[in-house]
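Working notes, beginning with the structure itself.
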Ligand SMILES: NC(=O)c1ccc[n+]([C@@H]2O[C@H](COP(=O)([O-])OP(=O)(O)OC[C@H]3O[C@@H](n4cnc5c(N)ncnc54)[C@H](O)[C@@H]3O)[C@@H](O)[C@H]2O)c1
Ligand SMILES: [Zn+2]
């Protein structure tokens, strides 16, 4: 089993990565007879809930199945979970387990952060995006009609349990979306990892177990290192948002549904990389490698067509705006990135026109 540690002093925790060990959770949750609420959705439950419940037989488990979809990462579903916990007599020694993708994980984490001012929280992420990104780092949230993730908390789990076999049932589109975030780690942080990805596209496309374990482990290590340096995103953690300012604009403009998050991040990363090339931060050959790797995984390399005024409006609504100025994360080579402000708007507009 591969283990990655997230070092955050008293909030440190392990990430366990293994194929076919969904049930290890029972050995990770200390003490018997705990009250546990497993939060999941019907899509995930059909495959993984029963094997998990079998392993949790020593505890008092209740299950909350939320409907499947981003629109249910909401205050009203949050409130339904709270009702269920209170009605079932859950107390401060209880634990919350998230079994699902980022939607389930974000909502369950916010429940864990706030129920009785915080109870133990375990993540069992079942999408690639959740395994390499959302389950690690402690960001939890629900959406508000005015915007995504507007209500939430930083709350670290006790442990993250990753079973790479869960990815075998993940629909192709969602699987590819997770790969966009994996590529992001190579671009911002690790040239060797990027090289490795270039040489293992076919293994990853066929969801080969050993390649998945390595790619997930390396992604989690990078995220863990960055989060340990900057838990609350005051500095370096912002680099994890490569491609996201453009990506969030694409998601918002297409009403969160037409594009998956990973697809939008892929196109956003191409725009950011082109902008870096045009402003002479990134070499043309590095731009080409980024473009080619996204293409090799079948990820979008072009954004949707929108007027510049629309882009501006959506980008300004994104949380990355500070002092009224747009900040952009741009790659400076393969393996490093930096934050740029005061970029010439005409250049940004021209790059967007070229890339969409
Ligand atoms: N907290 C963070 O740091 C962070 C980071 C990135 C994204 N997010 C959030 O994550 C969410 C997106 O997460 P996601 O991409 O995992 O989407 P998701 O949770 O909606 O999952 C995608 C789809 O796959 C299904 N699914 C999940 N696991 C499956 C499996 N093993 N087999 C078959 N189907 C499966 C889900 O039911 C859903 O239909 C967004 O809400 C986003 O804001 C959070
Ligand atoms: Zn993302």
Check your understanding: Under a point spin-label approximation (7 Å from Cα along Cα-to-Cβ), what is the residue 195-residue 146 distance to one decimal in nm?
Key -> 4.9
Check your understanding: What order do you get for 251, 225 when you list them from fewest to most C-beta neighbours inside 10 Å?
Key -> 225, 251
Exercise for review: Please find the FRET efficiency linking residue 93 to residue 317, where r is the Cβ-Cβ separation and R0 is fixed at 51 Å, and quote it to the nearest 0.05.
Suggested key: 0.80
Review point. Angle, helix 261-278 long axis vs. longest principal axis of the chain, Cα atoms, 0 to 90°, nearest 10?
Key: 30
Check your understanding: What residues from segment 87-118 fall in the zone where the backbone N is under 15 Å from a label point 7 Å along the Cα-to-C-beta line of residue 153?
Key -> 91-97, 106-118
Point to revise | Value of Rg/Rh across segment 181-355 [Cα atoms, Kirkwood radius] | key: 0.95
Point to revise | Folded to 0 to 90 degrees: helix 209-229 orientation relative to the chain principal axis, Cα | key: 80
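Return 66, 306 ranked ascending by Cβ neighbour count within 10 Å, so the fewest neighbours appear first.
Values: 66 21, 306 17.
Starting with the residue having the fewest Cβ neighbours, the order is 306, 66.
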Study note, to complete from the structure: Taking alpha-carbon centroids only, segment 204-257 lies from segment 61-111 a number of Å equal to 24
Practice item. Arrange 176, 325 by Cβ neighbour counts within 10 Å, fewest through most, would you? Key: 325, 176
Review point. Rounded, prolate or oblate: which one fits segment 29-92, using the alpha carbon gyration tensor with axes a ≥ b ≥ c (rounded when a/c is under 1.5, else prolate when a/b beats b/c, else oblate)?
Key: oblate
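Grab the beta carbon distance between residue 80 and residue 207, set R0 = 51 Å, and tell me the FRET efficiency rounded to 0.05.
Details: r = 34 Å, r/R0 = 0.67.
It comes out at approximately 0.90.
Where does each of 76-88, 234-246, 288-300 land if you order them by average Cβ count within 10 Å, highest first? Don't skip to the end; give the middle numbers.
Working: 76-88: 14.5, 234-246: 21.1, 288-300: 17.8.
The densest-packed peptide leads the list: 234-246, 288-300, 76-88.
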Study note, to complete from the structure: Rounded to the nearest 10 degrees, the helix 42-55 long axis (Cα) sits at an angle to the longest Cα principal axis of the chain of 50
Check your understanding: Highest mean first, what order results for 152-159, 197-204 on Cβ atoms within 10 Å?
Key -> 152-159, 197-204
Review point. Separation between the residue 169 and residue 325 pseudo-spin-labels, each 7 Å from Cα along Cα→Cβ, expressed in nm?
Key: 4.9
Study note, to complete from the structure: Mean-square fluctuation maximum in Gaussian network of the chain, Cα pairs under 10 Å, restricted to 341, 184, 223, hits 341
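Just so you know, all these numbers are worked out from the coordinates, no wet-lab data involved. Small disclaimer: the values here were computed from a predicted structure and weren't measured. As a convention, Cβ positions derive from the backbone with ideal geometry for all residues, glycine included, and neighbour counts pool all protein chains shown.
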